[in-house]
Amino acid sequence: MDAELMVKMVEGACPFASRSKMRVTRVGEEGNITMILEENPDNLNAFGLVHAGAICGLAETAGGMAIFNYLDPMEFLVLNTVLNIRFVAMPRGELRCSVRVVAEEVEAMLSDFQIFGRADKAVSLKVLDSSGKMVADAQASFRLMATPDEFKKYFEGMAS
């Protein structure tokens, strides 16, 4: 998937990401993707810290998009099946999550999908604040599945 389509998918087609002020800031050729969660009062908890749910959303979205980077959404979906997250510091301000999934990892998923009819990929995720301090450490598993016909309508409009 090209970088422009990835940005459209996250920032334009995903109401949760748009409402939370998530942005794709980097899609690298080596399988790197960086997303940020902008500083946004709607993402705060009662103590003025970034809400854990917003952080989970950032990590999960970045991990899924790192895999999607190599796929055609008209053919495959990537869905999160497990998210394990450990919060290690008070989250304040803009947060970012950078993830790297290389082509060979997705090729292995596609091979497993062809053989077994399903494929899963574990991804390690780190969420950092604007000073570079880690605020959350997560591991997520993503499932590769064929895009059901009913979902293809969401992607048809984005590709044009």
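The values are calculated or read from the model by the stated rules, or taken from the named source; none is laboratory data. A quick note: this is a predicted structure, and the numbers were derived from the prediction, not measured. Methodologically, a virtual Cβ is constructed for each residue, glycine included, from the backbone with ideal geometry; neighbour enumeration extends over all protein chains shown.
Among the residues of region 18-27, count how many are within 14 Å of C97 (Cα to Cα) and either without any contact (Cβ under 8 Å) to a residue 60 or more places away in the chain or aliphatic (A, V, I, L, M) (or both). Residues flagged as within 14 Å of C97 (Cα to Cα) and either without any contact (Cβ under 8 Å) to a residue 60 or more places away in the chain or aliphatic (A, V, I, L, M) (or both) within region 18-27 amount to 5.
Restricting K126, K153, K121 to those that are without any contact (Cβ under 8 Å) to a residue 60 or more places away in the chain and out of contact with any strand residue (DSSP E or B) (no Cβ under 6 Å at 6 or more places or on another chain) reduces the list to K153.
Being at pLDDT 95 or above and within 14 Å of G64 (Cα to Cα) is the requirement here; does V82 meet it? Yes. Of the residues in region 3-12, none is at pLDDT 95 or above, among the β-branched types (V, I, T) and in contact with a helix residue (DSSP H, G or I) (Cβ under 6 Å, 6 or more places away or on another chain). What do you reckon, is T34 of a type in the set (V, I, T) and closer than 18 Å to P91 by Cβ? The answer is yes for T34. Taking the criterion of being out of contact with any Lys or Arg (no Cβ under 6 Å at 6 or more places or on another chain), part of a helix (DSSP H, G or I) and buried (at least 18 other Cβ atoms within 10 Å of the Cβ), the only residue of region 97-112 that qualifies is V106.
Residues that are loosely packed, with under 14 Cβ neighbours inside 10 Å, part of a strand (DSSP E or B) and either out of contact with any helix residue (DSSP H, G or I) (no Cβ under 8 Å at 6 or more places or on another chain) or of a type in the set (S, T, Y) (or both) within region 28-81 comprise just one, T81. In region 13-22 there is no residue that is of a type in the set (S, T, Y), over 16 Å from A138 (Cα atoms), surrounded by fewer than 19 Cβ atoms within 10 Å (Cβ to Cβ) and in contact with a Lys or Arg (Cβ under 8 Å, 6 or more places away or on another chain).
Counting only residues that are in a helix (DSSP H, G or I) and surrounded by fewer than 15 Cβ atoms within 10 Å (Cβ to Cβ), region 113-148 holds 3 of them.
Residues in region 52-79 that are in contact with an Asp or Glu (Cβ under 9 Å, 6 or more places away or on another chain) and at pLDDT 95 or above: A54 only. Taking the listed residues R86, R100, R92, the one that is touching a residue at least 60 places away in the same chain (Cβ under 8 Å), of a type in the set (K, R) and out of contact with any Phe, Trp or Tyr (no Cβ under 6 Å at 6 or more places or on another chain) is R100, with no other qualifying.
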